[in-house]
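Trainee: Below is a structure I'd like to ask you about.
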């Protein structure tokens, strides 16, 4: 259906799964929306499948029709594969007649430095804007978490749309509001979106969200594995445990879907649980790697996030692991816990999971704190945690506690220093250490649990063995060192080795 006049409030390019669902979400909230896809048949099929929505869908066969259908200043959302495809679409839009004041929003998983570059590159031709979108297919359809970053004036044009279509949480409890249906969106509540900052800030925060998502999933996987191997629990029983945990402090989308997954029977072999038929090789799209690499660049110890990425890399070595399992020895299979010991271990794993989760999120927020210095952003960490309370993959009751922490202290250096999280770490420390010890003693790989505990112990240790390391660096490379009895920033060097005799203080 060709557009006859500029009637749409917003336009969207890219009608794959996310694009289709986001377009319907926008239409459900009463916004007329023009849609375009490179393959015209995809657009036509989408229009045929959705003849009636509260907001009008305007199908466009060409970019010229698409641009003509949208009111000025045009707000255009791009949902295509990150990378060169984004630049190609932007160049095509410019060639088709885009104006300098039109706003183009990249809503994909783009690298934040690409967003910074594009904002500068296209500044004289359009207003480029980046926004993280989290929540998957259902989130896009009924309410995602949205992390917008770019020109503040552009945000004012986008804000009514983003606040309307975002997930909503209860103003008092922070719990997600549910019940949205096609044509009947949720009204009221607090929208899970807020302006993050200029240029690439929105995509950066989305990247860190995904890095935290990696470690959140890895921790849950390790808890599942420890309970299977140390306690001997079957999937249905594990599903019941995760359901119980989801009623407490660990209440989250990922815990909820884990319970669902573990009770699912294999449709091919109904006597088996599906999880036992799925190959243990996890894929990844790259945002977790970006987070870990950026932590290294920034000098921030996000070791649990990195270990979660490496765990997926290790899982990909399936064929090698099968061979190695026959040649590399380890402890004998552990004796299964029973009775009270069984109950105590289940509770210990729960507490270890919660403590490790605190450390993982502390690493993510510490990384964002450092990034804002690097890129001259002013990030509101309480607001970011608030955005993640609904719609996104890591949505959880836990995030309200983070919002509360930054409300109490906007200058909080590390989440572990907040009174609530400090108390939780003290209470869970003993069972956490026991779980990590049992994993090591029994040869059970638990890199996220172990690295989180190492992070906690490293952060709370006033004197680390880095003094010897720095001495080694000065010995072989004259890299200098600081002294404990001199002001920070004053450096020394000696010609090694020193004479082997007592040195007298003078």
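Trainee: Nearest 10 degrees is fine. How inclined is helix 419-441 to the longest principal axis of the chain, computing both from alpha carbons?
Mentor: The angle comes out at about 70 degrees.
Trainee: If you don't mind, there's one more thing I want to ask. Please compute the volume of the convex hull spanned by the alpha-carbon atoms of the stretch 384-506 and report it per residue in Å³.
Mentor: It is 234 Å³ per residue.
Trainee: Specify the angular offset, from 0 to 90 degrees and rounded to the nearest 10, of the alpha carbon long axis of helix 152-165 from the longest principal axis of the alpha carbons in the chain.
Mentor: Taking the Cα atoms of the chain, the angle to 152-165 is about 90 degrees.
Trainee: Moving on. When you take every Cα atom in the stretch 352-412, what is the radius of gyration, and what is Dmax, the widest Cα pair distance, in Å?
Mentor: 11.7, 36
Trainee: Find how much the distance from residue 184 to residue 320 grows on full extension, using 0.36 nm per residue of separation minus their present alpha carbon separation; answer in nm with one decimal.
Mentor: Stretched fully, the residue 184-residue 320 segment lengthens by 43.9 nm.
Trainee: Under the Kirkwood approximation applied to all pairs of distinct alpha-carbon atoms, what is the hydrodynamic radius of the stretch 69-116 in Å?
Mentor: Working: mean 1/r = 0.0882 Å⁻¹.
Its Kirkwood hydrodynamic radius stands at 11.3 Å.
Trainee: May I ask for log10 I(q)/I(0) of the stretch 204-459 at q = 0.09, 0.10, 0.11, 0.12 Å⁻¹, from a Debye sum over the Cα atoms as equal point scatterers with solvent left out?
Mentor: The Debye formula, applied to the Cα set alone, gives -0.40, -0.50, -0.60, -0.72.
Trainee: For the chain, evaluate the Debye formula with one uniform point scatterer on each Cα (no solvent term) and list log10 I(q)/I(0) at q = 0.10, 0.11 Å⁻¹, rounded to two decimals.
Mentor: -0.87, -1.01
Trainee: Let me ask something else. Binning at 5 Å from 0, report for the stretch 199-295 what percent of all alpha-carbon pair distances ends up in each bin.
Mentor: 3, 12, 18, 20, 17, 13, 10, 5, 2, 1, 0
Trainee: Does anything in the stretch 204-230 have its amide N under 15 Å from the 7 Å Cα→Cβ label point of residue 341, and if so which residues?
Mentor: 229-230
Trainee: Next up: Tell me the mean residue ellipticity at 222 nm calculated for the chain from its helices only (DSSP H runs of n ≥ 4, each -39500 (n - 2.57), averaged over every residue, nearest 500).
Mentor: -16500 deg cm²/dmol
Trainee: For the stretch 282-337, state the semi-axes of the equivalent ellipsoid (square roots of 5 times the eigenvalues of the alpha-carbon gyration tensor), sorted largest first and rounded to whole angstrom.
Mentor: 29, 15, 10
Trainee: Then there's this: Could you estimate the translational diffusion coefficient of the stretch 152-268 from the Stokes-Einstein equation, with Rh from the Kirkwood formula over C-alpha pairs, at 4 °C and 1.567 mPa s, in whole µm²/s?
Mentor: Stokes-Einstein gives a translational diffusion coefficient of 75 µm²/s.
Trainee: Can you sort 162, 377 from fewest to most other Cβ atoms within 10 Å of each residue's own Cβ?
Mentor: 377, 162
Trainee: Using only alpha carbon positions, build the gyration tensor of the stretch 10-199, then give the equivalent ellipsoid semi-axes as the square roots of 5 times its eigenvalues, largest first, whole angstrom.
Mentor: Taking √(5λ) for each Cα gyration eigenvalue gives 25, 21, 14 Å.
Trainee: What is the Cα radius of gyration of the stretch 464-506 over 2.2 N^0.38 Å, N being its residue count?
Mentor: Cα Rg divided by the expected 2.2 N^0.38 Å: 1.21.
Trainee: Let me ask you something else. Looking at the stretch 10-199, what % of its DSSP beta bridges pair antiparallel, to the nearest 5?
Mentor: In the stretch 10-199, approximately 30 percent of DSSP beta bridges are antiparallel ones.
Trainee: Which of 461, 9 comes first, and how do the rest follow, when ranked by fewest Cβ neighbours within 10 Å?
Mentor: By the 10 Å Cβ count, ascending: 461, 9.
Trainee: Just to confirm the number: angle between the C-alpha axis of helix 466-477 and the first principal axis of the chain, 0 to 90 degrees, nearest 10?
Mentor: The angle comes out near 90 degrees.
Trainee: Still on this structure, I have one more. Extension gain residue 284-residue 56, at 0.36 nm per residue separation less the Cα-Cα distance, in nm? All intermediate terms of the calculation are to be shown ahead of the outcome.
Mentor: Values: separation 228, 0.36 × 228 = 82.08 nm, distance 3.65 nm.
Answer, rounded to one decimal: 78.4 nm.
Trainee: Hey, rough spin-label estimate for residue 72 and residue 247, points 7 angstrom out along Cα→Cβ, what's it come to in nanometres?
Mentor: That separation, rounded to one decimal, is 6.1 nm.
Trainee: Mind jotting down the three principal axis lengths of the stretch 440-485 based on Cα atoms? Whole angstrom, largest first.
Mentor: 42, 23, 15
Trainee: Now for a different question. Can you give the FRET efficiency to the nearest 0.05 for residue 172 and residue 414, using r as the Cβ-Cβ distance and R₀ = 30 Å?
Mentor: For residue 172 and residue 414, the calculated efficiency is 0.65.
Trainee: Related question: Return 417, 279 ranked ascending by Cβ neighbour count within 10 Å, so the fewest neighbours appear first.
Mentor: 279, 417
Read-outs: derived from the displayed coordinates by stated rules, not from any lab. Computed from a prediction, not measured in an experiment: that's the story for all the values here. Here the Cβ is made from the backbone with ideal geometry for all residues, glycine too, and neighbour counts use every protein chain on show.
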